[in-house]
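The values are calculated or read from the model by the stated rules, or taken from the named source; none is laboratory data. All of these numbers come straight from a predicted model, not from anything done at the bench. Backbone-built Cβ (ideal geometry, glycine too); neighbour counts: all protein chains shown. The protein model used for the area step is the full one, side chains on, heavy atoms only, and it has no ligands, DNA or RNA in it. Shrake-Rupley method; radii C 1.70, N 1.55, O 1.52, S 1.80 Å.
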Amino acid sequence: MKTFRRTLLAALSVAAFAASFQAAAQDFKPRIIRFGYGLNEVSNQGRATKLFAQEVEKASGGKMKVRAIGAAALGTDLQMQQALIGGAQEMMVGSTATLVGITKEMAIWDTPFLFNNAKEADVVLDGPVGQKVMDKLQEKGLVGLVYWENGFRNLTNSKRPVAKLEDMSGIKLRVMQNNVFLDSFKTLGANAVPLPFSELFTALETNTVDGQENPYNTILSSKFYEVQKYLTVTNHVYSPWIVLVSKKYWDGLSKAEQKVLLDAAKKSRDFERQDTRDEAAKALADLKGKGMQVNELPAAEAGRMREKLGAVNASIAANVGEDLWKEVQGAVAAARK
Ligand code: TF8
């Protein structure tokens, strides 16, 4: 009886394997997917993209191949988004902040101090409201698959240590191409200049701008420590990244092909968040080792900063709509419990 059962099970699993293989043969067309991103290959963004590519190839029996192209070689985040919308490029990962011009609801993620920690970010972004904001992209020609972690942003500059709010004044600070960031840093007294990420290193090197703000991981992987002396721990906002597919391209895929991309994106998300957190935990020591002078913003000054930035909340709420604003605040409160 036992042997019979075992034989039966073996036969069934062979049949299942054959069936899945057959499905693979007919459901997957040979495809080459150009997947662009802005950071270097040796970065959290680059590593997770590589894992995504491997997963897609594996799950499609080698039929679907992802050509990962980093360092903004396919263009800035904004340019790649347009290429996806037009169908000239298949996939990318980039900041949600640069999508605000396309889908205004994305600005909700730029709310200063929205999340206290990464756990809260995961719960809200992966929950219903995160999905809802992502789904808004579809009518604009983009399909969002998952959010990755860019991370909590911190301030660097080449002029002076920022120990109090007033130290920001007169610092020429690169910000992302997004009104919330522009307003936030103007509010703090900086001379905010929007620039694409791909122009940032040179702008810092040539003193076109004095400073910028990004998570530790990026300050490290983009070698900003070579051109920035001072790092101030501000954690002023958590930035997500988002993995995008051209809707034109997506609609031409079979259900099985879409599933391969979504499953691989989820795997890459879990990998990327862990990798980013592991790297961030060590990055500050690494950056000090590279010669950066690091200071924590004293609690009282952090409080003043928070209070000042509260002024942009009202305009974010008005732009994304009060309902969405409240829904996100509710989701954060629930995640906090
Ligand atoms: C920035 C963002 C960057 C992203 C990346 C190029 O400062 O934080 O990490 O845009 O995808 O621009």
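Per the conditions (1) within 14 Å of the ligand (Cβ to nearest atom); (2) touching a residue at least 40 places away in the same chain (Cβ under 8 Å); (3) farther than 24 Å from residue 119 by Cα; (4) assigned to a strand (DSSP E or B), the sole criterion not satisfied by residue 231 is (1). Among the listed residues 238, 230, 147, which satisfies the condition of being surrounded by 18 or more Cβ atoms within 10 Å (Cβ to Cβ), at pLDDT 95 or above and under 21 Å from residue 313 (Cα atoms)? So the residue among 238, 230, 147 that is surrounded by 18 or more Cβ atoms within 10 Å (Cβ to Cβ), at pLDDT 95 or above and under 21 Å from residue 313 (Cα atoms) is 238. Which numbered condition trips up residue 269, out of (1) open to solvent by 50 Å² or more (accessible area, probe 1.4 Å); (2) of a type in the set (D, E, K, R); (3) within 14 Å of the chain's Cα centre (by Cα)? Here residue 269 meets the rest and fails (1). For region 116-124, the criterion of a residue being in the same structural domain as residue 225 (by TED's automatic domain parsing), under 30 Å from residue 293 (Cβ atoms), part of a loop (DSSP other than H, G, I, E, B) and not hydrophobic (A, V, I, L, M, F, W, C) is satisfied by no position. Screening region 206-227 for residues that are part of a helix (DSSP H, G or I) and within 16 Å of the ligand (Cβ to nearest atom) and picking the one that is farthest from the chain's Cα centre (by Cα) gives 225. You will find that of 83, 97, 71, the residue that is within 15 Å of the ligand (Cβ to nearest atom) and at positive phi is 71 and no other. For region 317-332, the condition of being farther than 29 Å from residue 209 by Cβ and surrounded by 21 or more Cβ atoms within 10 Å (Cβ to Cβ) holds for at least one residue. Condition first: within 25 Å of the chain's Cα centre (by Cα), under 21 Å from residue 93 (Cα atoms) and among the polar types (S, T, N, Q). Can you find one or more residues in region 185-201 that meet it? Taking every residue of region 185-201 in turn, at least one turns out to be within 25 Å of the chain's Cα centre (by Cα), under 21 Å from residue 93 (Cα atoms) and among the polar types (S, T, N, Q). Filtering region 35-44 to residues that are more than 11 Å from the ligand (Cβ to nearest atom) and surrounded by fewer than 18 Cβ atoms within 10 Å (Cβ to Cβ) leaves 41, 42. Comparison of 280, 256 shows that the only residue that is open to solvent by 20 Å² or more (accessible area, probe 1.4 Å), closer than 23 Å to residue 32 by Cβ and either touching a residue at least 24 places away in the same chain (Cβ under 8 Å) or in the same structural domain as residue 41 (by TED's automatic domain parsing) (or both) is 256.
For region 127-143, check the following and say yes or no: at least one residue is touching a residue at least 12 places away in the same chain (Cβ under 8 Å), assigned to a loop (DSSP other than H, G, I, E, B) and β-branched (Val, Ile, Thr). Within region 127-143, not a single residue is touching a residue at least 12 places away in the same chain (Cβ under 8 Å), assigned to a loop (DSSP other than H, G, I, E, B) and β-branched (Val, Ile, Thr).
Listed here are the residues, each with its yes/no results for (1) among the small types (Gly, Ala, Ser); (2) open to solvent by 20 Å² or more (accessible area, probe 1.4 Å); (3) in the same structural domain as residue 196 (by TED's automatic domain parsing).
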position: 46; (1), (2), (3): yes, no, no
position: 49; (1), (2), (3): no, no, no
position: 62; (1), (2), (3): yes, yes, no
position: 65; (1), (2), (3): no, yes, no
position: 73; (1), (2), (3): yes, yes, no
position: 78; (1), (2), (3): no, yes, no
position: 97; (1), (2), (3): yes, no, no
